[in-house]
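One structure is given below, encoded as structure tokens.
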Amino acid sequence: MIQINHHVALDESEISFTYSTSSGPGGQNVNKVATRATLQFNPRTSKSLTALQRNRILETLGPRLDKDGKLRVVASRHRSQAANRNEALHRLVTLLSIALRPRRKRKPTRPTAGSRERRLSEKKRTSQRKAARRRPSEE
């Protein structure tokens, strides 16, 4: 089980890893050894999540999901496959814990007297500037 927060733990069978050769510096090791780790997790089919948690994740991480609804995390910073795997898992836990945080309700507030005054004076200044651009009246 992969612990996300106090309430959520993902089953390891819901996460899949694929490995490929990495790019960048590293010499022959990079060309030979598949060290880049790509983690895939599908929140839509996860049995570890409740409907509310699933909706919150899909809403927050929607732009990061691919067309199949899978969240992909790629890690290739380290020279070893195990280190990249651990980094990808850590990033997944961070992303999901941020997505599952409850949102604060916005408390509606009224504009302050100072902000109303600044807004009205700016409107007046803009009006005078535009009036100065017009042709003078024939009177």
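The values are calculated or read from the model by the stated rules, or taken from the named source; none is laboratory data. The model shown is predicted, which means the values in this text are computed figures rather than measured ones. We place every Cβ from the backbone using ideal geometry, glycine too, and count neighbours over all the protein chains shown.
Return the only residue of L100, L92, L96 being crowded, with 16+ Cβ neighbours inside 10 Å, within 21 Å of R36 (Cβ to Cβ) and either under 13 Å from the mean Cα position of the chain (by Cα) or not hydrophobic (A, V, I, L, M, F, W, C) (or both).
Details: L100 fails: within 21 Å of R36 (Cβ to Cβ); L96 fails: within 21 Å of R36 (Cβ to Cβ).
Result of the check over L100, L92, L96: L92.
Scan segment 62-115 for residues that are touching a strand residue (DSSP E or B) at 6+ places or on another chain (Cβ under 9 Å) and of a type in the set (K, R) and jot them down. Within segment 62-115, R64, K70, R72, R85, R91 qualify.
Can you say whether R119 is surrounded by 10 or more Cβ atoms within 10 Å (Cβ to Cβ) and touching a strand residue (DSSP E or B) at 6+ places or on another chain (Cβ under 6 Å), as far as the supplied structure shows? No, not satisfied.
Out of the residues in segment 5-19 that are under 23 Å from H78 (Cβ atoms) and within 22 Å of the chain's Cα centre (by Cα), which is modelled with the highest pLDDT?
So the first thing to find is which residues in segment 5-19 are under 23 Å from H78 (Cβ atoms), and the list is 10, 12, 15-19.
Next, from what is left, pick out any that are within 22 Å of the chain's Cα centre (by Cα): 10, 15-17.
Numbers: L10: 75, I15: 81, S16: 81, F17: 84.
By that ranking, first place goes to F17.
Does segment 88-100 contain at least one residue that is in contact with a Ser or Thr (Cβ under 6 Å, 6 or more places away or on another chain) and within 18 Å of I2 (Cβ to Cβ)? Yes, some residue in segment 88-100 is in contact with a Ser or Thr (Cβ under 6 Å, 6 or more places away or on another chain) and within 18 Å of I2 (Cβ to Cβ).
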